[in-house]
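The structure appears below as structure tokens.
No value in this document is a laboratory result; all are computed from the given coordinates. Since this is a predicted model, take the numbers as computed values, not measurements. For neighbour counting, all protein chains shown are included, and Cβ atoms are generated from backbone atoms with ideal geometry for every residue, glycine included.
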Amino acid sequence: MSSPPRIAALIVAAGRGTRAGGPVPKQWQSLCGKRVIDHTLAAFQRHPAISQIIVVLSPADMAEAPGFAAQGCVIAQGGANRAESVRNGLAVMAADQVLIHDAARPCVSADVIDAVIDALRDVPAAAPGLPVTDALWLGEDGEVAGTQDRTALFAAQTPQGFDADAIRLAHATFDGIAADDVEVARAAGMAVAITPGSADNLKITMPGDLTRAARILEASLDIRTGNGFDVHAFGPGDHVTLCGVKIPHDQGLVGHSDADVGMHTVTDAIYGALAMGDIGQHFPPSDPQWKGAESHIFLTHAADLARSEGFTLTHVDCTLICEYPKVGPHAAEMRRVMAAYLGLEISRVSVKATTSERLGFTGRGEGIACMATATLVKL
């Protein structure tokens, strides 16, 4: 039995399109907290059939290359036009089949990709298309000058899939500027199958397209919220550690590790959002290796686990409940330390404090309580 074909995704990101507006080319603009190209890349990174990803960058954008290389992508430098950029990408590709995709199509679905891959089992070229359903006009000087029959017309989309050797040969013999790779393939005499496209698989072209793409992506988001709560009693000591910051105090906090009630609570909130237990399950207090351990070990484990599950940690809110020590003077440093361990911007980490109005064990100065919320997002 023959092994399945190796399939590469070639992401064309060398364009300098300006119609979308903004201070940078559209593939680098912000969309739902990431760049457009990051969403596009993620669609192929999470697809199980893709064995290699090539990113074609403009010479002006090669400073971005190390970041993509760190994700396992192969980098190629763009050319003077799209066809030349694709040729450069094909030159560094190591696969039997290739899906060539516009970086400015960030909403491509697994179904659209699957349909192209399935078609390539029987044909050397396939690409998604949407049947044209609107009436078509011919325009002249701002007026309708005629109509165009829409029968058998399709709006072309990507990814456009090809047998690797066939599309390399087609590009090598093509002379001119092509709108897409289907045009190059047909010029070489290749038959191209049409697979189902999607109205959501839009290409960012005009400013309003970013808003539309955001609505599409947000509809498919998996948003998780987790809560954490923890308590530590005061005991002997000359300081407490809260959210990674040592604060001088006439008592310490009692715990198996360093008793950082702030970090413990945020850690539990992340585990809670993942529905993966709590800190005691991952780091049992009965295990002597965690005695006296610094709590950032637990916090980074939770954050790394979220990333390994495909989630992005977007926000953390932590409230310390105590009469003393006073948290306010240290809150900024706590936010900085927590943000560094979590890999977040400091604007996404909140640390604040309140008292219990001298009620309960915190009001009597017997210990510190903490509650926290963490938000995770996955496309």
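Going down the list Lys246/Lys326; Lys26/Lys203; Lys352/Lys378; Lys34/Lys378; Lys291/Lys352; Lys246/Lys291, which pairs span over 20 Å between their C-alpha atoms? Checking Cα-Cα distances, Lys352/Lys378; Lys291/Lys352 exceed 20 Å.
Give me the percent of DSSP beta bridges within the chain that run antiparallel, rounded to the nearest 5. In the chain, DSSP labels about 60 percent of beta bridges as antiparallel. Per-residue ellipticity at 222 nm computed for the chain from its helices equals -8500 deg cm²/dmol, with DSSP H segments shorter than 4 residues left out and the rest contributing -39,500 (n - 2.57). Each Lys or Arg adds one and each Asp or Glu subtracts one; over the other residues with Cβ under 13 Å from the Cβ of Ala185, this totals -3. Distance between the modelled labels on Thr18 and Ala42, one decimal in nanometres: 3.1 nm (7 Å Cα→Cβ projection). Database remark: amide H of Cys107 closer than 5 angstrom to the amide H of Leu202 (H placed geometrically; neighbours at sequence offset of 5 or more, or on other chains; Pro and chain starts carry no H).
For Rg and Dmax of the Cα atoms in Å, one of (1) 21.2, 66; (2) 27.2, 88; (3) 19.8, 63 was computed from the structure I shared and the rest are decoys. Which label? Read-out taken from this structure: (2). Charge tally for Phe162 (other residues, Cβ to Cβ under 12 Å; Lys, Arg +1; Asp, Glu -1): -3.
Under the rule a/c < 1.5 gives rounded, and otherwise a/b versus b/c splits prolate from oblate, where does the stretch 7-219 land using the Cα gyration tensor? Rounded shape, in that the Cα axes give a/c under 1.5. The distance linking the stretch 314-379 with the stretch 2-42 is 37 Å (Cα centroid to Cα centroid, whole angstrom).
Label point of Phe154 set 7 angstrom out along Cα-Cβ; within the stretch 121-138, amide nitrogens under 18 Å from it belong to 121-134.
Pairs of alpha-carbon atoms within less than 8 angstrom and 6+ residues apart define the contacts here; what relative contact order does the stretch 7-219 have, in percent?
25
Over the chain, Cα pairs under 8 Å with separation of 6+ residues give a relative contact order of 14 percent. Distances between placed amide hydrogens fall under 5 Å for Val240 paired with Ile247, His249, all partners being 5 or more residues away or on another chain. The modelled label-to-label distance for the pair His315/Arg336, using points 7 Å beyond Cα in the direction of Cβ, is 2.4 nm.
So, R0 is 45 Å and r is the distance between the beta-carbons of Leu136 and Ser51; what FRET efficiency does that work out to, to 0.05? With a Förster radius of 45 Å, E is 0.65.
When the Cα centres of the stretch 246-297 and the stretch 107-137 are compared, how far apart do they sit, in Å? Each part reduced to its Cα centre gives a spacing of 51 Å. What's the local net charge at Leu376, with K and R +1, D and E -1, over the other residues with C-beta under 11 Å away? That sum, taken over residues with Cβ under 11 Å, equals +1. For a label point 7 Å from the Cα of Thr300 along Cα→C-beta, name the residues of the stretch 317-355 whose backbone N is under 18 Å from it. From the stretch 317-355, the list is 334-346. Between Ile177 and Arg212, the simple label model (points 7 Å from Cα in the Cβ direction) yields a spacing of 2.4 nm. Normalising the average separation of contacting C-alpha pairs (under 8 angstrom, six or more residues apart) by the number of residues puts the relative contact order of the stretch 222-378 at 34 percent.
Based on Cβ point charges of +1 for Lys and Arg and -1 for Asp and Glu, what charge dipole magnitude is obtained for the chain about its Cα centre, in debye rounded to the nearest 20?
Rounded to the nearest 20 debye, it is 420 debye.
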